[in-house]
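Have a look at the structure below, then the notes.
Every number in this text was worked out from the coordinates using simple rules, so none of it is lab data. Since this is a predicted model, take the numbers as computed values, not measurements. Glycine gets a Cβ as well: all are built from the backbone with ideal geometry, and neighbour counts include every protein chain shown.
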Amino acid sequence: MSGFWAMGGYAAYVWTAYALFLLVLLLDTLLPRWRQRRLLAETRAQLLREQARRQRGAASLHAGLDHESHP
């Protein structure tokens, strides 16, 4: 069994390759999910900003019309 773990003297290279492969596999799985969550959060924030801007614009428009109609 120790021969399996030693890999014929190449254990450092083999286990490093396995570790790097698993790291890349993990990142390949997680990074798209993190990016999607970030993009969804940014899109929601942008929509909320635009909605607030429209509401402020509509409120100032109504305030201006009310002000003009009452001398």
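Descriptive notes on the structure:
- With each label modelled as a point 7 angstrom along the Cα→C-beta vector, the SER2-THR43 pair spans 5.8 nm.
- Here the Karplus relation 6.51 cos²θ - 1.76 cosθ + 1.60, evaluated at θ = phi - 60°, turns the backbone of region 23-38 into coupling constants of 5, 5, 4, 5, 5, 5, 7, 7, 4, x, 5, 5, 5, 4, 4, 5 Hz, with x for every Gly and Pro.
- Applying the Karplus relation 6.51 cos²θ - 1.76 cosθ + 1.60 with θ = phi - 60° to region 42-59 yields 3J(HN,Hα) values of 5, 5, 4, 4, 5, 4, 5, 4, 5, 5, 5, 5, 5, 5, 5, x, 5, 5 Hz, where x marks Gly and Pro.
- The chain - mean residue ellipticity at 222 nm from DSSP helices (-39,500 (n - 2.57) per run, n ≥ 4, rounded to 500): -32500 deg cm²/dmol
- Of the labelled figures (1) 20, 56, 21, 2; (2) 16, 18, 14, 13, 11, 9, 8, 6, 4, 1; (3) 23, 56, 18, 2, 0, only one reflects P(r) over Cα pairs in 10 Å bins from 0, in percent as derived from the coordinates, namely (2).
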